[in-house]
1. Given the options 177, 214, 223, name the one that is within 22 Å of residue 293 (Cα to Cα) and not aliphatic (A, V, I, L, M).
2. As an exercise: evaluate residue 165 against (1) out of contact with any helix residue (DSSP H, G or I) (no Cβ under 8 Å at 6 or more places or on another chain); (2) surrounded by 15 or more Cβ atoms within 10 Å (Cβ to Cβ); (3) under 28 Å from residue 290 (Cα atoms); (4) not small (Gly, Ala, Ser) and give the number of the one condition it does not meet.
3. Please list, ordered by first then second residue, the pairs with beta carbon atoms under 8 Å, 6 or more apart or interchain, first in the stretch 286-298 and in contact (Cβ under 8 Å) with a residue 24 or more places away in the chain, second exposed (fewer than 13 other Cβ atoms within 10 Å of the Cβ).
4. Residues being open to solvent by 10 Å² or more (accessible area, probe 1.4 Å), assigned to a helix (DSSP H, G or I) and farther than 21 Å from residue 219 by Cα: count how many of those fall in the stretch 66-80.
5. Restricting to the stretch 236-252, name every residue that is under 17 Å from residue 207 (Cβ atoms), open to solvent by 10 Å² or more (accessible area, probe 1.4 Å) and under 22 Å from the mean Cα position of the chain (by Cα).
6. Of the conditions (1) buried (at least 17 other Cβ atoms within 10 Å of the Cβ); (2) farther than 21 Å from residue 151 by Cβ; (3) among the acidic types (Asp, Glu), residue 34 fails just one. Which one is it?
7. Quick test for you: out of 255, 272, pick the one residue that is in a loop (DSSP other than H, G, I, E, B) and under 20 Å from residue 213 (Cβ atoms).
8. Have a look at 194, 211 and point out the one that is surrounded by 14 or more Cβ atoms within 10 Å (Cβ to Cβ) and at positive phi.
Amino acid sequence: MTQFAFFKGQIVPIEDAKISIMTHAFNYGTGCFEGIRAYWNENEKQLFIFQLIEHYERFLRSSRILLMNLPFTAERLSEITVELVRKEGYREDTYIRPLAFKSDEIIGVRLHNLHDEVGIFATPFGRYLESEEGARVGVSSWRRIDDNSVPARAKITGAYINSALAKTEAALNGFDEAIVLTQDGHVSEGSAENLFIVRDRVLITPPVTENILEGITRKVIIELARKELGLEVVERSIDRTELYVAEEAFFCGTGVQVAAVAQIDHRAIGTGQIGPIVKALRDLYFQVVRGQVPKYRAWCTPVYAV
């Protein structure tokens, strides 16, 4: 149960971390956020926060796009987060949500001449998709927002209505998740996840110019695939029908972690089961995030004293 939050410069009881109905970010979506996971290592009795600094570096990049000037470094935000999660005392997998938002209680759409506030909370969290070993996916009728409209490389709160429309359409159509296309019809990503396909043992993923989030998990997967599995990884445009002829496909992201795609638009991907490359990446990823691979231990920030 969530008990505390970082709010207005200090850690307070969660019930004291409230905003007004008049808050600018609540009315206009003028905020940005991060999703960070912490993983419980039962053998070490330790909670490891994965890629903590990297997440806050992206958080600050998102804030700059929204004309925010936050009085924090990535390092200081990381320290606050460790303190908050330690105070919660979690002994299970946990999701951490930092938010930066325009806090003025006024009417009027703009980004300039407004005050910025930062809040952070954490909560126990397991799977994002129940069907991580074989999700059924549909290509959405909703297109991904364009960089010159609402930049997807920033995790802007208001922008996620685009994701919500795609996700709900998929769910109402009987799918587990959606894939969204760019305005020119190329594959972008899932509703809130990056996407990879496998063809001839080559990992293929859309480039950052296809209006994707510049995913931290995406970057980790590319490095692990190349260095540990010896796979070639190519960043290039993907057409919709290329999805249907892929041998394997998967989503990745902090929330979804690594989730195999078994079917797209009622067409089986490969055997219709989790494939060997996706399974190998999933297994390795979960070892890395729990601090079980010494080579990548520096990616994991321990919460409790050692």
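The values are calculated or read from the model by the stated rules, or taken from the named source; none is laboratory data. Just so it is clear, the structure is predicted and the values come from calculations on it, not from any experiment. Positions of Cβ are backbone-derived with ideal geometry, glycine not excepted, and every protein chain shown enters the neighbour counts. These area figures cover heavy atoms from the full protein model, side chains too; ligands, DNA and RNA do not enter into them. Shrake-Rupley method; radii C 1.70, N 1.55, O 1.52, S 1.80 Å.
1. 223
2. Here residue 165 clears every test but (3).
3. So the pair list comes out as 291/297.
4. Of the residues in that region, 2 qualify.
5. Listed by number, the residues that qualify are 236, 237.
6. (2)
7. Values: 272 fails: under 20 Å from residue 213 (Cβ atoms).
Being in a loop (DSSP other than H, G, I, E, B) and under 20 Å from residue 213 (Cβ atoms) holds for just one of 255, 272, which is 255.
8. Values: 194 fails: at positive phi.
None of the other options fit; the residue is 211.
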